[in-house]
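Single-structure report; data block below.
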Amino acid sequence: MKISFIVPVYNVEKYLDECVQSILNQSFDDYEIILVNDGSPDNCPAMCVGYEVRYPKKIRVVHKKNEGPSKARNYGMDIAKGEYLFFMDGDDFLCEDRLAELYEKAVSYNADIVHTGYFSFDEASGKMIRCKPAFETEKLYFHQDMEKELCYTSSKSLITFMWRNLYKKEFLYKNHIRLDENLRRVEDPPFNMEAFSKAERFVAVDIPVLCYRIRDNSLQRQEYVPDYDKWLYMQWGLKLKHYSENCTQSPIFYEDIGEYTIKAIFPMLLGNVYKNKRKESFEVLKRLGESDMMRRSFRDYDIQKFKSKSLDWRMTWFVKNKMYLPAHLMCKYILYK
């Protein structure tokens, strides 16, 4: 078996058939599809059974209670037979007939990880945009090369998604690389940080393998995400842990992740509570301000580097200096009203 597709299935009844058929339609056919029904409440369980009956040599189905995508993917990893693993979401689909080319590249470079291009598909507009790989293509990276690249992993979003990589199973198993099952959201970056920081051979190829579907009702686009700050705080901690354990320490990495946390993560978390008029907004703001994530980010990245007269910068300054009441009033009545 050359490739195992691991597909967590939850509330994707509308898209699952397109996902499965896009794999079955590939001319490359030395693969298996592992559908992990994560306690889906819609018609997905019955659909999965139907696939397994029709394609018994290609599709295996696991039924389990809902415990989140991390545990579902780990379960798939445990039973996968393929030489390489491809993690795919049930609402995405493969591009036409690129699988053979991808596998040939993986074998020719003997790569632990193969990073690919992809298409971004906006369901609402029908627009399809080709996205290039985040790394230089057809260049074999070794561990010391990846250490340098990982210094900019946050600001450049180099390793955000699992579904744009093909992973050698032996490499993941040997290094005990798994998803953290405590993370039920934003689970991809910590997994990739550990994988990329341990990889000895890595290559990027300009082969658009997958079409990533952007849909209004996906988890990433929900208006309010409960405990979002706790999930991202956990993600941040895991990324630092994997980097510190596997890489030569560079201040560039910590400055980069600090800048990204202050400029991107922090406003996103504030918007999650203030835009949705949550009564706990002040508590969340203060919890963020007192967290190790924000304290370390303020220490590693000097906000004077992007000082401006904007109210956003002033609010950030207030939080850095633990002046939470004026920061709260600015968020509530001006920035996120």
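The values are calculated or read from the model by the stated rules, or taken from the named source; none is laboratory data. Small disclaimer: the values here were computed from a predicted structure and weren't measured. Cβ coordinates were reconstructed from backbone atoms using ideal geometry, including for glycine residues, and neighbour counts include every protein chain displayed.
Would the range 35-47 turn up any residue that is closer than 23 Å to E101 by Cβ and of a type in the set (D, E)?
Within the range 35-47 (the criterion being closer than 23 Å to E101 by Cβ and of a type in the set (D, E)), the answer is no, since none of the residues qualifies.
Among residues belonging to the range 109-131 that are modelled with pLDDT of 95 or more and either in a loop (DSSP other than H, G, I, E, B) or not assigned by TED's automatic domain parsing to the domain that holds L85 (or both), point out the one that is farthest from Y254 (Cα to Cα).
Among residues in the range 109-131 that are modelled with pLDDT of 95 or more and either in a loop (DSSP other than H, G, I, E, B) or not assigned by TED's automatic domain parsing to the domain that holds L85 (or both), the one farthest from Y254 (Cα to Cα) is N110.
May I ask you to list pairs of residues, at least six apart or on different chains, whose Cβ atoms are under 8 Å apart, with the first in the range 139-164 being touching a residue at least 60 places away in the same chain (Cβ under 8 Å) and the second being loosely packed, with under 14 Cβ neighbours inside 10 Å and assigned to a helix (DSSP H, G or I)?
Sorted first by the residue in the range 139-164, then by its partner, the pairs are C151/I252; Y152/I252.
Could we say that L140 is surrounded by 19 or more Cβ atoms within 10 Å (Cβ to Cβ) and assigned by TED's automatic domain parsing to the domain that holds P8 here?
Taking the combined requirement at face value, the residue does not satisfy it.
Take the residues of the range 52-81 that are surrounded by 13 or more Cβ atoms within 10 Å (Cβ to Cβ) and either over 27 Å from the mean Cα position of the chain (by Cα) or of a type in the set (G, A, S) (or both): which is modelled with the lowest pLDDT?
The selected residue is G68.
Is it true that some residue in the range 253-270 is among the hydroxyl-bearing types (S, T, Y), part of a loop (DSSP other than H, G, I, E, B) and not assigned by TED's automatic domain parsing to the domain that holds S125?
no
Can you work out which of the residues in the range 244-263 that are among the hydroxyl-bearing types (S, T, Y) and within 20 Å of W313 (Cβ to Cβ) is surrounded by the most Cβ atoms within 10 Å (Cβ to Cβ)?
Result: T261.
Give just the number: which of (1) farther than 18 Å from I6 by Cα; (2) outside any loop (DSSP other than H, G, I, E, B); (3) small (G, A, S) does A100 not satisfy?
(1)
Report yes if some residue within the range 223-241 is modelled with pLDDT under 95, touching a helix residue (DSSP H, G or I) at 6+ places or on another chain (Cβ under 8 Å) and surrounded by fewer than 17 Cβ atoms within 10 Å (Cβ to Cβ); otherwise report no.
Checked against the condition, which is being modelled with pLDDT under 95, touching a helix residue (DSSP H, G or I) at 6+ places or on another chain (Cβ under 8 Å) and surrounded by fewer than 17 Cβ atoms within 10 Å (Cβ to Cβ), the range 223-241 yields at least one hit.
Every residue, every condition in (1) outside the structural domain of D300 (by TED's automatic domain parsing); (2) closer than 26 Å to S281 by Cα; (3) part of a helix (DSSP H, G or I), yes or no:
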{"position": "N182", "(1), (2), (3)": "yes, yes, no"}
{"position": "R185", "(1), (2), (3)": "yes, yes, no"}
{"position": "A204", "(1), (2), (3)": "yes, no, no"}
{"position": "W236", "(1), (2), (3)": "yes, yes, yes"}
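Restricting attention to the range 1-51, and to residues there that are of a type in the set (G, A, S) and part of a helix (DSSP H, G or I), which single residue is surrounded by the most Cβ atoms within 10 Å (Cβ to Cβ)?
S22
Looking only at residues in the range 33-57 that are hydrophobic (A, V, I, L, M, F, W, C) and free of Cβ contacts under 8 Å to residues at least 12 places away in the same chain, which one is nearest to I3 (Cα to Cα)?
Selected residue: V53.
Tally the residues that are without any contact (Cβ under 8 Å) to a residue 24 or more places away in the chain and assigned to a helix (DSSP H, G or I), restricting the search to the range 274-289.
1
I need every pair where a residue in the range 238-251 that is farther than 12 Å from K198 by Cα and assigned by TED's automatic domain parsing to the domain that holds D292 has its Cβ under 8 Å from the Cβ of a residue that is assigned to a helix (DSSP H, G or I) and of a type in the set (F, W, Y), sequence separation at least 6 or different chains.
Matching pairs, first to second residue: none at all.
One line per residue, one yes/no per condition, for (1) out of contact with any Pro (no Cβ under 9 Å at 6 or more places or on another chain); (2) basic (K, R); (3) more than 21 Å from W231 (Cα to Cα); (4) buried (at least 17 other Cβ atoms within 10 Å of the Cβ):
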site: I265; (1), (2), (3), (4): yes, no, no, yes
site: Y274; (1), (2), (3), (4): yes, no, no, yes
site: V284; (1), (2), (3), (4): yes, no, no, yes
site: L288; (1), (2), (3), (4): yes, no, no, yes
site: R295; (1), (2), (3), (4): yes, yes, no, no
site: L311; (1), (2), (3), (4): yes, no, yes, no
site: W317; (1), (2), (3), (4): yes, no, yes, no
site: L325; (1), (2), (3), (4): yes, no, yes, no
site: L335; (1), (2), (3), (4): no, no, yes, yes
